[in-house]
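Structure first, commentary second.
The values are calculated or read from the model by the stated rules, or taken from the named source; none is laboratory data. Just so it is clear, the model here is predicted, and its values are computed rather than measured. Cβ sites come from the backbone with ideal geometry, for glycine too, and all protein chains shown count toward neighbours.
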Amino acid sequence: MKLLIFSIFPLISLFGVFLLENGTADTFYKRVIGEKKKSLVIGTSKAAQGIVPTVINSKLDLKGENSLYNFGFTNIHSPFGESYNSAIRKKLCEATKDGIFIVTVDAWSLSSSLPDPNNRSLMQDEKLFVGKLSSYSAKINLEYLLQHYINSYYEIPLRYFAQNSMHLMDDGWLKATPKIEGDRIKRVYESKVDEYERRGRSVAFSEYRFNKFIELIDFLREKGEVYVVLMPVDDAINTIERSIFPELVEQLYKYCKSIGIPFKDFTVSRTDYTYVDGVHLDYRAAPVFSNDLANWILEVRNTF
């Protein structure tokens with residue numbers, strides 16, 4: 001009996017700690033809980049940090065269950081593949097027929113590691129939680145917290161009461177406000193360019209990922225409006241990404257035109273925005289870009 005009593009209190013305490021997670025201790029957790037969604041932003045960390053659903057919802061008058069939700073993760077967690085596709089299917093309300101889907105694409109989400117970019121056994125996303133979770137709509141996702149949460153549970157209450165540079169908002173937008181000032185801005189930027197140059201030499205276009213992208217688009221077209229977007233990046237990062245898949249824009253334009261869905265290359269207006277590190281839009285630029293994205297969608301609706 002005493003053992004039972006002493007076992008219950010720690011479990012209750014741990015459960016209470018789980019209830020405190022509000023998007024500050026873990027930048028993924030809010031995406032794996034809550035109600036299923038009818039409209040989604042799909043992509044990697046560029047989308048996660050750069051697209052603010054609240055801005056688009058206001059512009060497109062999307063309310064309640066029709067509101068857009070940001071379901072982007074990272075280059076590692078959510079390139080196109082069976083893992084991410086299965087997660088999207090689990091997060092999406094099955095009965096959806098009038099949703100809106102903003103599918104962001106780049107060279108990273110369509111490539112994989114050399115020497116064989118089509119070998120699924122070499123793909124990191126195949127080993128991570130994205131494709132393994134049985135549910136993305138639980139009120140409390142114990143499966144994620146007990147098996148895939150990588151930080152100490154002590155971080156949850158500590159960060160709940162602290163000011164954090166990364167905060168996953170209720171609409172799925174990852175608001176990143178890092179304190180980067182002075183010379184450190186240049187160092188962070190140069191470090192990111194070096195990192196992407198190295199990564200660019202170790203990956204190549206993956207036919208498997210492109211086929212999974214097509215499979216996803218076919219699925220989403222049955223669920224509502226689909227908009228394919230190439231997000232803006234800094235000049236140097238853009239050059240690196242184009243070197244991985246030089247025909248990317250041409251291929252996307254050709255494919256989208258062939259099936260009658262809109263495509264927009266926002267890299268042509270990349271100098272209109274500011275970036276944290278050359279890759280991710282600054283948190284002040286994200287609402288500006290989201291407004292521009294919403295305006296483009298409105299234009300498309302008037303012409304398609």
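Which one of these is at negative phi, touching a Lys or Arg at 6+ places or on another chain (Cβ under 8 Å) and surrounded by 12 or more Cβ atoms within 10 Å (Cβ to Cβ): ASP272, ASP277?
Details: ASP272 fails: touching a Lys or Arg at 6+ places or on another chain (Cβ under 8 Å).
After ruling out the rest, the residue left standing is ASP277.
Quick check: is even one residue across region 243-260 polar (S, T, N, Q), closer than 22 Å to GLU82 by Cβ and either at pLDDT 95 or above or outside any loop (DSSP other than H, G, I, E, B) (or both)?
Kept after step one, since they are polar (S, T, N, Q), are these residues of region 243-260: 243, 251, 258.
Checking which are closer than 22 Å to GLU82 by Cβ leaves us with 251.
Restricting the remaining residues to those that are either at pLDDT 95 or above or outside any loop (DSSP other than H, G, I, E, B) (or both) gives 251.
Yes: region 243-260 contains one or more residues that are polar (S, T, N, Q), closer than 22 Å to GLU82 by Cβ and either at pLDDT 95 or above or outside any loop (DSSP other than H, G, I, E, B) (or both).
Could you figure out which of (1) at pLDDT below 95; (2) touching a His at 6+ places or on another chain (Cβ under 9 Å) isn't true of SER83?
Of the numbered conditions (1) at pLDDT below 95; (2) touching a His at 6+ places or on another chain (Cβ under 9 Å), the odd one out for SER83 is (1).
Any residue at all in region 276-295 that is at pLDDT 95 or above, under 24 Å from GLY99 (Cα atoms), in contact with a Pro (Cβ under 6 Å, 6 or more places away or on another chain) and of a type in the set (Ser, Thr, Tyr)?
Scanning region 276-295, I find no residue that is at pLDDT 95 or above, under 24 Å from GLY99 (Cα atoms), in contact with a Pro (Cβ under 6 Å, 6 or more places away or on another chain) and of a type in the set (Ser, Thr, Tyr), so the answer is no.
Taking region 102-143 as the search range and keeping residues that are acidic (Asp, Glu) and farther than 14 Å from ASN85 by Cβ, which one is surrounded by the fewest Cβ atoms within 10 Å (Cβ to Cβ)? Let's see the steps before the verdict.
Within region 102-143, the first condition is being acidic (Asp, Glu), and the residues that meet it are 106, 116, 125-126, 143.
Of the ones still in play, those that are also farther than 14 Å from ASN85 by Cβ are 106, 116, 143.
Values: ASP106: 25, ASP116: 13, GLU143: 15.
The residue in question is ASP116.
Can you tell me which residue is surrounded by the most Cβ atoms within 10 Å (Cβ to Cβ) among those in region 144-197 that are hydroxyl-bearing (Ser, Thr, Tyr), assigned to a loop (DSSP other than H, G, I, E, B) and modelled with pLDDT under 85? First the steps, then the outcome.
Pass one, region 144-197, residues hydroxyl-bearing (Ser, Thr, Tyr): 144, 149, 152-154, 160, 165, 177, 189, 191, 196.
From the residues that got through so far, the ones that are assigned to a loop (DSSP other than H, G, I, E, B) too are 149, 152-154, 165, 177.
Now drop any that are not modelled with pLDDT under 85, which leaves 149, 152-154, 165.
Working: TYR149: 19, SER152: 9, TYR153: 16, TYR154: 10, SER165: 12.
Among those that are hydroxyl-bearing (Ser, Thr, Tyr), assigned to a loop (DSSP other than H, G, I, E, B) and modelled with pLDDT under 85, it is TYR149.
Could you please find all residues in region 70-91 being touching a residue at least 40 places away in the same chain (Cβ under 8 Å), surrounded by fewer than 24 Cβ atoms within 10 Å (Cβ to Cβ) and either under 25 Å from TRP296 (Cα atoms) or touching a strand residue (DSSP E or B) at 6+ places or on another chain (Cβ under 8 Å) (or both)?
Selection gives ILE88, LYS91.
Would you check if VAL300 is in contact (Cβ under 8 Å) with a residue 40 or more places away in the chain and assigned to a helix (DSSP H, G or I)? I'd like the intermediate steps shown before the answer.
Details: in contact (Cβ under 8 Å) with a residue 40 or more places away in the chain: yes; assigned to a helix (DSSP H, G or I): yes.
Yes: the conditions hold for VAL300.
I need the full set of residues from region 206-235 which are part of a helix (DSSP H, G or I) and either aromatic (Phe, Trp, Tyr) or surrounded by 15 or more Cβ atoms within 10 Å (Cβ to Cβ) (or both), in order please.
Initially, region 206-235 is screened for residues part of a helix (DSSP H, G or I), giving 207-221, 235.
Listed by number, the residues that qualify are TYR208, ARG209, PHE210, LYS212, PHE213, LEU216, ILE217, PHE219, LEU220.
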